[in-house]
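The values are calculated or read from the model by the stated rules, or taken from the named source; none is laboratory data. Only a predicted model underlies this, so the values are computations on that prediction, with no experimental measurement involved. Methodologically, a virtual Cβ is constructed for each residue, glycine included, from the backbone with ideal geometry; neighbour enumeration extends over all protein chains shown. Please note that ligands, DNA and RNA were not included when accessible areas were found on the heavy atoms of the full protein model with its side chains. Shrake-Rupley method; radii C 1.70, N 1.55, O 1.52, S 1.80 Å.
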Amino acid sequence: MRYETLQNVRLPKIGFGTWTIGGESRADYAQDSRSLRALRSALELGYTHFDTAEGYAAGHAEELLGRAVRESGLMRADLFITSKVSPEHLDYADVLSSCENSLRRLGMDYLDLYLIHWPRRGMHLADTFRALNQLVADGKVRHLGVSNFNLKLLKNAVAVSETKLLTNQVSYSLPDRTSVKNGVLAYCQENDLLLTAYSPVKRRFIRGNRPLQELARRRGFTPQQVALAWLVHQPRVITIPMSFDPQHQAENLVASDIVLTDSELAQFFNL
Ligand SMILES: NC(=O)c1ccc[n+]([C@@H]2O[C@H](COP(=O)([O-])OP(=O)(O)OC[C@H]3O[C@@H](n4cnc5c(N)ncnc54)[C@H](OP(=O)(O)O)[C@@H]3O)[C@@H](O)[C@H]2O)c1
């Protein structure tokens, strides 16, 4: 596994997402055993960074993640847990109570990273960050970040936060290079921020991409692994694919070690 190191944190290039664990926008308890199986295998395989949110399955993803971690017997200190505050909870008092609720559902006494999940029109970013920094001062959160912030909002967030931000989590994949075009990736790389790439596996795109399949076949990997390798070969980029399938989970972990050559990058990825 390769890592990104900054702010005294060593984060694996590939972590584990939890969107659809426990349901989608609502909790789906009928899926609990499937969700717990997925979390248990991810923990057993050695994933250490887990990405969740109060909005995932209306908090049930956090409950299941907390349970799987407790049952794993792993040390809390050996894991890195990210959660997110929803856009409807960005007022000062709401941020504090959202974090308390996430910690209660996870059964943990701190989060490694707490993100603003989405910006909201008319939000008072300074107030939101006053609350987020209070959580850091209280020891409930170790690091702060944002998600789905464009370049202008990201710069605003960097300017108002007392604690240096760790990441902007955005959609980034071979077919979605918005963050390259809008300057977010370059800004992160130049300012020691991580870009956490969400939705990195685009199955439909991969199915229709013959060159990617050809490169994967030549190198003896799956096209999904090559797509992840392309993401994480980039400095300051980490990613958090989600999979219910233990085989896919294992393959995704391995992807961090695939080294793409300069000629492969030029030939297959239009760099
Ligand atoms: N901040 C935000 O607004 C935001 C938005 C979206 C997502 N996220 C975070 O990012 C995480 C990842 O994004 P995502 O869940 O949207 O999409 P994703 O991880 O790119 O894709 C998940 C899908 O890809 C399949 N898959 C994963 N690995 C595979 C492999 N090696 N081979 C074949 N298929 C594979 C999975 O199916 P199988 O189960 O069959 O493997 C699943 O259907 C989320 O879980 C969430 O934590 C954040």
Can you pull out the strands (runs of 3 or more DSSP E) entirely within the stretch 6-87 that have at least 3 residues that are more than 12 Å from the ligand (Cβ to nearest atom)? 9-12
Surrounded by fewer than 20 Cβ atoms within 10 Å (Cβ to Cβ) and in contact with a Ser or Thr (Cβ under 9 Å, 6 or more places away or on another chain) - does that describe any residue in the stretch 61-76? yes
Residue pairs, Cβ under 7 Å, 6 or more apart or interchain, first in the stretch 24-43 and closer than 13 Å to E71 by Cα, second within 11 Å of the ligand (Cβ to nearest atom) and of a type in the set (A, V, I, L, M). List them. L39/I21; L39/L65
Matching helices (runs of 4 or more DSSP H) fully within the stretch 93-190 where at least 2 residues are within 18 Å of the chain's Cα centre (by Cα) and within 14 Å of the ligand (Cβ to nearest atom): 178-181
Going through the stretch 146-178 in order, the residues found to be of a type in the set (A, V, I, L, M, F, W, C) and touching a Gly at 6+ places or on another chain (Cβ under 7 Å) are L151, L165, L166
When the stretch 146-173 is examined, which residues are found to be open to solvent by less than 10 Å² (accessible area, probe 1.4 Å), within 14 Å of I238 (Cα to Cα) and without any contact (Cβ under 8 Å) to a residue 40 or more places away in the chain? N168
In the stretch 139-190, how many residues are small (G, A, S) and either modelled with pLDDT under 95 or more than 17 Å from L113 (Cβ to Cβ) (or both)? 6
Within the stretch 191-216, how many residues turn out to be within 15 Å of the ligand (Cβ to nearest atom), modelled with pLDDT of 95 or more and either open to solvent by 70 Å² or more (accessible area, probe 1.4 Å) or not aliphatic (A, V, I, L, M) (or both)? 4
Within the stretch 227-271, how many residues turn out to be within 16 Å of the ligand (Cβ to nearest atom) and exposed (fewer than 13 other Cβ atoms within 10 Å of the Cβ)? 2
